[in-house]
Amino acid sequence: MLNVRLFLPGMGWRLFLEWWPVAVPASGEAGVDIFLVLSGFLIGSALQREIATTGGIAFGTFCLRRAFRIFPAIVSAAIATAVKNLVVGEPLECPNAAWSRNAVMFNNWPGAPVTCLGHTWSVALELQLYLATPLLLWASSVSHALLARLLPGSKVSAASVTAALCLGIWLACAALRLQWVNAARGSNLDTMALYFSTHFRCATYVAGVLAGVTIASLDPKDFAKAQPPWIGVLATAALSTSFVVVAFACFVGADLSADIDGLVVARYRQLAPGFAALHQAFLRPLFGAALGCIMFLCAVGLAPLTRAFLAWAGWRPLAGLSYSMYLLQYVGFPLLEKPFLSWVGHSLLVAPLWLGILVAYVAVALFIIAAVPLAFLNYALVELPGIAAGKRVAEAIGSVLAALRRRHSAAGEEATGEASEERAGFDLEGGSGSGRHLEVEAKAFAGGRVAAAS
């Protein structure tokens, strides 16, 4: 969770001792998991539909469009951060010696040097998972083909195989987390590895992929209509459980690695070591599974009220600006929130707790408000042109490749025709067989070569 002491120097320790009132605005870590689940859902469903439509995935096009979507905004955020440093008289953060890690997107690995835009570690994590998703679906296709050969009468669908692989990855991630937590008991291992590392954070993304692939492989309307009445009861129970898990994760922190106070967590582990270990190992994967369950139930029409709330048109502008808001959050911070907190922080030392709570919520609101104007400019001037450029470049490369394939196919047809004529003429001159036999043989030969070329 966000370290409230950094933002409320006077009231901070009192809020730590009674931190529950500010748990929601302080649970910024939950936003990363929400982004991961949403990204997995969108990428997984899009690639599954592409496979159903074209029979495969254009991996080069996929990577190219992701690069144009992600990197221009990171460059502009680095420039904005440098300008902010100059304006407020701070040392220049961007670019620095570790700036290249933002470009290769490995700045979430443990032991990575501190780079400007350090919060882009989550963007690096998402990009790594983006690139792994087509490989996951390819492995699913291969596994499905092998299964069909081994069990010819099997009716297992490719989407079911993908779901099984996603579930296996989710379980593997949870098992790795549990192993790490057990190894860390009684030692001083860095808990940040659990927070940043890809293999410890991929469960939430995979939960989104599972939900997206499942939705893309069925008709949500038919699914909702074809189910017996007891499915509604089961869906209500699943939805309620999911909301409880989400609320608990936001309230107490998903894995205690970005916690509000080390002393509180140490006391927690001392009083309930077994429960604390399970909490640290499994709550974050369960948080992703709960969000994926909510999205699935909304998509198939089994959670109409939640779906209506999430489909509210007012969320769309924030969703569009969310990436730029995340990148530019610390550029806008000195404009509104920091002066506000510097003004009121120390005066809250003897103030009632409710006033400190109110200040915490106001500070979070100012944090968001300060990022919106900059995010809008970045979205309009950088993100949208980058997305459009990525689409145009991908289409241009696709057109060039298609032209090369057509030229290669035409050359193959021409070469096949010449070879067939030479072979037929040779056989006629040599008197080996009838003319009808030679004609059929030449056509079959030419047809095979054309099919191979195409």
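The values are calculated or read from the model by the stated rules, or taken from the named source; none is laboratory data. Please read all numbers here as calculations on a predicted model, not as lab measurements. With ideal geometry, Cβ positions are generated from the backbone for all residues, glycine too; neighbour counts draw on all protein chains shown. To get the accessible areas, we keep the full protein, side chains included, count just its heavy atoms, and leave off ligands, DNA and RNA. Shrake-Rupley method; radii C 1.70, N 1.55, O 1.52, S 1.80 Å.
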Determine how large the accessible area of Trp170 is when every protein chain is in place; take a 1.4 Å probe and give Å² rounded to the nearest 10. 40 Å²
Distance in nm between label sites at Ala67 and Leu171, each 7 Å beyond Cα in the beta-carbon direction? 3.8 nm
If R0 = 35 Å, then Leu42 and Val87, at their Cβ-Cβ distance, give a FRET efficiency to the nearest 0.05 of 0.45
Two-decimal Rg/Rh of region 25-311 from alpha-carbon positions, Kirkwood Rh? 1.00
Can you give the local net charge around Cys250? Use residues other than it whose beta-carbon is closer than 11 angstrom to its beta-carbon, Lys and Arg +1, Asp and Glu -1. -2
Can you sort Asp219, Asp33 by solvent-accessible area, 1.4 Å probe, largest first? Asp219, Asp33
Which order do the peptides 279-288, 325-334, 371-380 take when ranked by the mean count of other beta-carbon atoms within 10 Å per residue, highest first? 279-288, 325-334, 371-380
Give, in nm to one decimal, the length gained when the segment between Ser240 and Ile397 is fully stretched (0.36 nm per residue of separation minus the Cα-Cα distance). 51.7 nm
Spin-label zone in region 385-406 - amide nitrogen under 20 Å from a point set 7 Å from the Cα of Val75 along the C-beta vector: 385-397
Go ahead and run the numbers for FRET between Ala410 and Leu131, Cβ-Cβ distance against an R0 of 45 Å, rounding to 0.05. 0.80
Simple SL model, points at 7 angstrom along Cα→Cβ for Leu358 and Phe59; separation in nm is 5.9 nm
